[in-house]
Amino acid sequence: MNSVESLFASHLAKLRRLATLDPDDMTALLSLPQRTSRISGRSCLMREGAPAEECCILVKGFASRSKLAKNGGRQIVSFHVAGDLLGFDSLFLEQADHDVQTVTDATLVWIALPRLKELVARRPAIAAAFWRDALIDASIGREWVLNVGRRNAKARVAHPWD
């Protein structure tokens, strides 16, 4: 495994579980121009209302998505781990509708959205994998809504599969 592939390893493994990717798909993913950065915890990666030019794969560390209430309170709406793609929704939305920030020190691989958009248009299996990932993320979001709205405090912490 080369150094670029090792950075993408957790995300590539995830994509392989979500769709059947052939060797050409893998080559196309690994050929995407990218840059790697190491960012300290509590750093903003994406700000609500801001246009996005890149998305990123969380290679190491933890991140969260949050929304700000009018009174200034922040509600975390999801947590993210290594292998998660952050900002994929920016392929289809003109601006971010939430904030994304690192929770811990993190390593990220950044990909230009126009290049990713081209790849998804050309490679249906990659598009299917990304869509499945987005649908899983939406399902998790619905669990969060249920968690906040209907579960007691103990159940919210334990997140039971009832």
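Taking θ as phi - 60°, what are the ³J(HN,Hα) couplings along region 51-57 by the Karplus curve (6.51, -1.76, 1.60), each to the nearest whole Hz, with x for Gly and Pro?
Values, residue by residue: x, 10, 10, 9, 10, 9, 9 Hz.
Test of understanding: what is the full-extension gain from Glu94 to Glu48, defined as 0.36 nm times their sequence separation minus their Cα-Cα distance?
In short, 15.5 nm is gained.
Once both labels are modelled 7 Å past Cα along the beta-carbon direction, what's the Ser139-Ala127 spacing in nm?
With each label placed 7 Å out from Cα toward Cβ, I get 2.2 nm.
Are there any chymotrypsin sites (Phe, Trp or Tyr not before Pro) in region 48-139 that are in a DSSP loop and have at most 15 other Cβ atoms within 10 Å? List them by number. Write down the numbers at each step before the final one.
Values: sites: Phe62, Phe79, Phe88, Phe92, Trp110, Phe130, Trp131; in loops: Phe62, Phe92.
Hits after loop and neighbour filter: Phe92.
Whose amide H sits under 5 Å from the amide H of Lys60, counting only residues 5 or more places off or on another chain, with H placed in the peptide plane?
Those qualifying (amide H under 5 Å, at least 5 residues apart or on another chain) are Thr107.
Does the chain classify as rounded, prolate or oblate by the C-alpha gyration tensor (a ≥ b ≥ c root eigenvalues; a/c under 1.5 gives rounded; else a/b over b/c gives prolate, otherwise oblate)?
Verdict is prolate for the chain.
Can you name the helices of the chain, as whole DSSP H runs, whose Cα span along the helix axis is 27 Å or more and whose Kyte-Doolittle mean is not below 0.0? The partial results should precede the final answer.
Numbers: long enough: 124-150 (38 Å, 0.39).
Membrane-span-like by this rule: 124-150.
Counting only protein heavy atoms and a 1.4 Å probe, tell me what percentage of the chain's accessible area is made up of carbon and sulfur.
C and S fraction of accessible area: 56 percent.
Would you mind telling me which residue in Arg47, Arg122, Arg65 has the biggest mean-square fluctuation in a Gaussian network model of the chain, where springs connect alpha carbons within a distance under 10 angstrom?
Arg122
The values are calculated or read from the model by the stated rules, or taken from the named source; none is laboratory data. All values derive from a computational prediction rather than experimental measurement. Please note: Cβ atoms are built from the backbone with ideal geometry, for glycine as well, and neighbour counts cover all protein chains shown. When the accessible area is computed, the model is the full protein with side chains, heavy atoms only, and any ligands, DNA or RNA have been set aside. Shrake-Rupley method; radii C 1.70, N 1.55, O 1.52, S 1.80 Å.
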